[in-house]
Every structure is written in C-alpha cells, then in structure tokens.
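The values are calculated or read from the model by the stated rules, or taken from the named source; none is laboratory data. Keep in mind that this is a model prediction, so the values were computed, not measured. When we count neighbours, we look across all protein chains shown, and the Cβ atoms used for this are built from the backbone with ideal geometry, even at glycine.
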C-alpha cells in the first residue's frame, strides 16, 4: 500500500508539472506574441519579419539568430538601424520563436541551412547578405557551403565557427543526448528551473556587459522558458557537437566575401578561437574585434549596424 501511495504521488506530481509547464508556455507566448508573418517551406512553417524597402541603397539582408534566440534579438535595437538603407528580413528558425517543424524534426546545422535557403527562395530574395549571430553564424556558413547560389556574402556576429571542446557552464545541464529524456525533462522540471534561474542565465549570456531589464519581453527572452524552447536548445547543442568538426574542414572551399565581428570580452564563445583562428581558415575573411560580450547586436547596435552596412556595400 505504501508503494502504491508513493506511485500515486509521483504521477500526480508529474501531472502537475506538465500542466504548469503548459500554462507557462501559453503565458510566455502571450507575453511575446508573433511580430511578423508566416510562410510555409518544405519541412517548416516559419515566422519572419519583413522590414525596410527594396528601394534602399543596397542588397537585401537576412538575419539568422543563435541558440535559444529568435527575431526579437535583432529587432531590440539593430534592425531599425538597417532598414533605412535595405530590405531586412529576420526569420525564426524552426523550433525557435514562433516557427515550427512541419516535416521530420532534424536539428543538424545542415538541415537548418537548407531551411534558410528555402526561405530565401520562397520569398524570391535576390542573393542577400546573410547575417548570422552565434549559432546562426555556423548555420550561415553552412548555407554558403551547401547553397552558395542563395547568398552573396556573409556577415557573422560573434559566430560559432569551430568545434567547442568545453561546453559553457550555462549550457551543460541541457546536453541531453536522449530525445525521450530531453522531452520528459522539458515538460517537467526544466521550466520551473528555467523560471527560477532565468535572470541569471540572461546575465551570463550578456556578461560582462549588463543585461537589459526588458530583455524578457522586448528581446523575447521569455520564449526560451517554454518546453519547446528547452527541447530546441538541448537538441541544437547536441547537433553542434556532432556537426562542427566536419563543417570546419570545408572552409577552404568558401568562395564569397565573409566578415566576422566579435566582442573581445565574449564569455559564451572564445573570440580568439572562434574569431581569429576561424578567420585564418576562411579565404579572405575579414575580422573586426570590438569591446563587448556575446550580445553585441543588443549592447553595441550602432557599431554592429555600421559594420553590417559596410559589409553590404
């Protein structure tokens, strides 16, 4: 009888956690609703923002966010500095923000690159400048390697470019290789933990710079504290470890302009390794290093926008 009672309590606790997580997900989505439009491409339904004008002075720009991010990471401060001169498109990658998979779920970098290439083709965007932040930088590099006809140049902001030997402390708890265990954790204990540690996690991503007080809403940080957000971050972390070694071996084949900008004090990715070492492997790559951390699109928008506009020219 005692064992049966314990089992009932465990099941009840799990049910409560699932219900609480579902409610938290709805609240986060209400707090950060979609800002743009939706388009279907093979394999995904994508949420995107289309801003600026084709009548500007330069080519279109497509922005690709990083791990745990989405379009508001760019619209927080950066996009408005680009739209007077260019048509600017910001897309949520499937599984992040308000985009979702409609075909088989596949978190590999190459699959995300294919989705981005399909997005560019579906909207008829003429060989844009592809701007990738963090993991979005690795995905942008994969677009250039696998779909070179889709883009004219890359502008990479604090990008992941090379294999990472040590997973940052911030991400270690989410290195879960089992898809089943990942889903169970995401729907039970992960959201309460994420809620309790949320501000600390945001501060770690921005360090050593201060994190904006309104990043949860204006920057869209609240969307990470949903089961789908936990699953996406965990799945992409595992995929990165599997994909990056092979991808880095192909950089010598890149045949388009590539620029990298890094914050010297980045505490998520190592500027020397991911910036300086990568620039030596990518033909003709131009590296710019500025003061700041990993979230320079938010903390140094004027500098980053001027750099992007110079790359577009």
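Residues in region 165-199 that are part of a loop (DSSP other than H, G, I, E, B) and without any contact (Cβ under 8 Å) to a residue 60 or more places away in the chain: 165, 166, 169, 178.
Checked across region 168-190, the condition of being under 15 Å from the mean Cα position of the chain (by Cα) and modelled with pLDDT of 95 or more holds for no residue. If you filter region 121-140 down to residues that are in a loop (DSSP other than H, G, I, E, B) and touching a residue at least 24 places away in the same chain (Cβ under 8 Å), you find that the one that is surrounded by the most Cβ atoms within 10 Å (Cβ to Cβ) is 134.
Within region 71-97, the only residue that satisfies the criterion of being at positive phi and surrounded by 24 or more Cβ atoms within 10 Å (Cβ to Cβ) is 97. The criterion of at least 1 residues that are in contact (Cβ under 8 Å) with a residue 24 or more places away in the chain and either out of contact with any helix residue (DSSP H, G or I) (no Cβ under 7 Å at 6 or more places or on another chain) or within 14 Å of residue 229 (Cα to Cα) (or both) is met, among strands (runs of 3 or more DSSP E) falling completely within region 15-106, by 37-41, 44-51, 88-91.
Screening residue 118 with (1) in contact with a strand residue (DSSP E or B) (Cβ under 8 Å, 6 or more places away or on another chain); (2) buried (at least 23 other Cβ atoms within 10 Å of the Cβ) gives one miss only, at (2).
For region 245-259, a residue qualifies if it is free of Cβ contacts under 8 Å to residues at least 12 places away in the same chain and surrounded by fewer than 11 Cβ atoms within 10 Å (Cβ to Cβ), and exactly one does: 249.
With respect to the stated conditions, residue 100 is within 15 Å of residue 39 (Cα to Cα), modelled with pLDDT of 95 or more and either surrounded by fewer than 23 Cβ atoms within 10 Å (Cβ to Cβ) or under 10 Å from the mean Cα position of the chain (by Cα) (or both).
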